[in-house]
Amino acid sequence: MPQLQQPLVTLSVENGTRTSESSYIRTAGCEQIGAQGVHSFFAILEPLSLHPEVEELAPLILQRLEQELATRQKVTATAAISDSVEAVNAELYAYNEGRDEDDRLYYGLTLGLTRNDDLYLAQVLPSQILISQDGNLHAFPELASWHWSRKGEPAAALEQPLGLHLEIEPDLYHTRIEPGDLIVLCSGSLASVIHREPQDAFIQGDAEAAVQHLRELTDAYNVDNASSIAIAVPNPSRWSRRKSDLAFLRSVASAAAAFLPEETARRLRQRGDSQTQGVDEKAHRSQTVKHQANSIDANLPAPDNIPSEERVPATRTGAASHPSDQESEWHGQAYWDPRRDWSEEEISTREEDEVRDREGKRTLTEIVVGAVLALIAAIIGIWQLAVNRDRHLDGPQEDESTFGLPRLQRYDNSIQGPDFTGVRRRLPRAPINKYAGFVSVGLIFALAAGLIYSISSSRDRERTEEFESLMGQAVAARENATQASDPAIAQSFLQASEARLQEASALGVDDEMVMAERTAVFETRDASLGIERLGNIQVLGGIPPAPEGVAPNLFFGNGQLYVFTDALYLLDPEESRLIRLLSAGDDVDGHTVGELQGAAWGEGSAMVMDGTNVYTYDATAADWSRAELGTFGEAYSGIPAISGYIGNLYLLSSETGQILRYHGDQFEAMPEDWTGGNAVEELSAGVDMMIDGRIYVLTENGQVLDFYRGALDNTINLTIAPEIEGAVSMSYQTGRSHLYVADTHDRIIRATTDGQSVQQFMSDADAPELENIQSIAVDDALGSAYVLTDNALMQVRLPGPPREDD
């Protein structure tokens with residue numbers, strides 16, 4: 001299989017313009033990521049402050065992270081990442097201390113570190129990690145969590161950013177990468193729109209295709225600032241595979257050497273040491289100061305060896321040069337060597353401190369392993385005592401002239417088991433009988449039971465400590481959201497709190513505490529967004545669905561409510577029942593009514609249109625009259641809204657981007673293009689229309705187009721958080737100061753006529769849900785609203801607007 005051409009591709013957008021480099025991205029050694037002996041580093045920062053210094057400080061933070069990791073190459077990867085993030089966070093916290101709140105700098109962080117084919121990721125959100133493996137896409141956090149309405153599940157979220165608190169605990173992930181895998185890191189601005197489009201581009205394992213998809217998202221959703229890294233794991237080179245085979249043979253040889261007699265192994269080690277004698281120690285040290293990872297010290301933990309054959313220096317901007325470009329110039333240099341900015345004395349002192357900290361400490365795993373080895377040695381010793389205690393070997397006596405080598409049975413040709421003579425000599429002498437056997441078995445079971453109990457207690461204690469830590473982080477994030485003045489920042493903190501609560505709930509320690517905190521997060525979200533929960537919701541009854549392509553509608557006329565779905569109904573408020581007035585198949589003036597396309601209130605009467613005819617209702621006589629409509633050869637269909645005014649009929653045609661007008665006394669004539677070809681693009685997104693002398697058209701993105709005498713006079717942009725993504729209906733009464741808009745977030749928005757959001761209403765947890773709203777009709781004077789969903793008609797009591805002095 002050919003190797004990928006572009007294993008590393010980055011994307012940077014600043015103020016709506018793509019740039020070649022970003023202050024928030026740093027990579028090193030990623031071209032051969034996943035190969036044997038190759039270590040890589042990559043990181044991305046998410047700025048959370050608007051201070052001008054936030055961009056200037058970002059490269060320094062990334063450089064410090066790289067340097068901190070470089071000084072910890074001899075410890076485990078998870079410990080190195082955690083300690084490095086804590087060190088850099090402490091520096092940033094100290095930098096923020098003493099500064100005003102508006103001048104403090106905060107960052108989200110995603111950091112990746114590979115050692116051979118092991119990938120370690122650390123995440124301080126908001127940011128997004130996408131990993132494609134074996135045709136599956138794994139996202140941390142879930143892509144759906146970036147949707148504002150998520151209430152319980154974790155989202156692409158913010159924990160506590162760098163610099164906010166003195167202590168920090170990043171989320172850590174580990175996986176084993178293989179050729180064909182794809183790693184994508186991106187900022188929160190991109191993560192918030194990824195879930196809106198298919199993610200097939202990330203499953204192909206092509207870094208260029210993934211970044212191209214992200215570029216298209218930035219254009220489609222007007223993302224002004226974004227950063228992303230896409231890294232494809234390439235196929236290993238022939239030299240890397242050869243080194244892997246040599247490493248395997250070296251491991252097998254090392255394991256086999258453990259079975260040699262002790263004296264022989266000691267002599268072999270002495271022979272190897274003697275070959276290095278006579279080397280000038282000072283010259284040796286000066287030649288290898290930049291490659292200390294290649295020398296192995298038996299007294300230190302397993303070092304991370306980075307073969308010099310594959311090293312390429314990291315550039316100062318964080319982007320690693322390709323090996324083929326600088327192979328001759330940099331052959332033998334460190335693939336990732338930020339330590340060159342550190343003195344040898346500082347590095348040595350740091351490593352000695354870390355080794356000194358680990359001396360004298362034993363983990364639970366080491367204690368358990370030691371106990372198991374002691375138990376095995378005891379069982380083998382007892383077996384030796386019971387079976388071979390008085391065994392006599394046939395043949396001549398043992399040869400005593402072996403010059404110190406272990407004693408050899410020269411004349412016994414039978415198969416010999418392992419010689420545990422040394423172990424047996426160190427065991428205490430004990431009589432072998434049934435009593436001793438029972439005691440031994442009892443001791444073994446007691447030791448096993450004690451070990452199991454110790455492990456179980458330790459795990460319970462660790463689980464409880466982790467639960468308390470997660471709950472503390474959740475509460476801290478919620479309190480930060482309460483203090484935040486910006487709703488977007490508050491939502492980020494609340495998403496972090498929900499993520500921690502999800503992790504705490506999985507531990508199963510205290511479900512009641514988790515539920516109580518979730519309720520507090522829910523209330524804090526409503527307060528930050530200005531959401532009022534409605535409990536007084538009455539379900540009036542079920543409603544037949546409208547045919548496909550027909551827009552349902554609620555409207556008032558002479559103080560009565562009309563409901564249009566598959567037919568036109570009149571609501572009887574006293575008995576809460578619907579009276580059918582007109583439907584397809586009825587006979588009007590000897591003509592069979594076709595499929596109804598829309599209904600509205602006209603000049604003192606209801607008007608219904610079936611695509612080729614308009615029907616007017618005489619409430620006094622309870623009778624309908626028909627008038628034929630002039631059409632362009634085909635019946636009207638797919639009309640999102642119709643409206644009547646002073647006897648005229650108006651049709652909103654989103655397909656052609658027009659408002660068509662029929663004069664009341666000339667319905668049979670061809671309609672007039674009332675807008676005269678103006679605002680075609682805006683009208684194509686229209687979903688509802690109302691008339692009071694001016695024509696108001698609601699668009700899908702929440703804008704209200706104000707037309708006067710055929711011209712677009714004003715565009716009202718509703719300012720609300722979260723923004724409107726799918727408006728469905730509008731209600732406005734002439735002379736009132738508020739208009740109402742319903743959208744696909746199952747909410748009703750009260751706004752002023754100039755677009756300022758006043759309140760947003762959603763159903764309470766114990767009340768019927770306002771789910772899949774189709775149309776609304778609000779009596780602003782009475783504070784009563786009728787809501788038509790996809791299966792029911794509901795009546796809602798709306799609280800009054802807040803007073804201006806509040």
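The values are calculated or read from the model by the stated rules, or taken from the named source; none is laboratory data. Note that the structure is predicted; figures quoted are calculated from it, not measured. We place every Cβ from the backbone using ideal geometry, glycine too, and count neighbours over all the protein chains shown. Heads up: the accessible areas ignore ligands, DNA and RNA and are worked out on the full protein's heavy atoms, side chains in. Shrake-Rupley method; radii C 1.70, N 1.55, O 1.52, S 1.80 Å.
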Reported to the nearest 10 Å², residue 650 has, with a 1.4 Å probe, an accessible area equal to 10
Cut-off 11 Å between beta-carbons: net charge of the residues surrounding residue 175, Lys and Arg +1, Asp and Glu -1:
-3
Taking only C-alpha positions in the range 613-757, Rg and Dmax in angstrom work out to 16.1, 49
Per residue, what volume in Å³ does the convex hull of the Cα atoms of the range 750-806 enclose?
107
With θ set to phi - 60°, apply the Karplus curve 6.51 cos²θ - 1.76 cosθ + 1.60 along the range 631-638 and write out the HN-Hα couplings as whole Hz, x wherever there is a Gly or Pro.
10, 9, x, 10, 5, 6, 8, x
Name the residues whose placed amide hydrogens come within less than 5 Å of the amide hydrogen of residue 26, ignoring near sequence neighbours (fewer than 5 apart) on the same chain.
43
In the range 578-645, which GluC sites (Glu not before Pro) fall in coil by DSSP and have 14 or fewer other Cβ atoms within 10 Å?
603, 634
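Count charges around residue 596 for me, please; just the other residues with Cβ under 15 Å from its Cβ, Lys/Arg as +1, Asp/Glu as -1. Each step should come with its number before you reach the end.
Values: positive: 580, 626; negative: 548, 566, 586, 587, 595, 610.
The answer is -4.
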Report, by chain and number, residues whose modeled amide H sits under 5 Å from the one on residue 181, excluding near sequence neighbours (fewer than 5 apart, same chain).
233
Using a cut-off of 13 Å between beta-carbons, work out the net charge of the residues near residue 563 (Lys and Arg +1, Asp and Glu -1, residue 563 not included).
0
Which whole-number percent is the relative contact order of the range 585-729 (Cα, under 8 Å, 6+ apart)?
14
For q = 0.14 Å⁻¹, Debye-computed log10 I/I(0) when each Cα of the range 504-614 counts as one equal scatterer:
-0.70
Over the range 694-786, what number does the Rg to Rh ratio reach, with both radii from the alpha-carbon atoms and Rh per Kirkwood?
0.96
Listed by chain and number, the residues whose amide H is under 5 Å from that of residue 791, excluding neighbours fewer than 5 places away on the same chain and using placed H, are none
For the range 469-479, 3J(HN,Hα) per residue [Karplus equation, 6.51 cos²θ - 1.76 cosθ + 1.60, θ = phi - 60°, Hz, x = Gly/Pro]:
5, 5, 5, x, 5, 5, 5, 4, 5, 5, 5
Show me, for the range 506-522, the HN-Hα J-couplings you get by feeding each phi into the Karplus relation (A = 6.51, B = -1.76, C = 1.60, θ = phi - 60°), rounded to Hz, glycine and proline as x.
5, 6, x, 8, 8, 5, 5, 5, 5, 5, 4, 5, 4, 5, 5, 5, 4
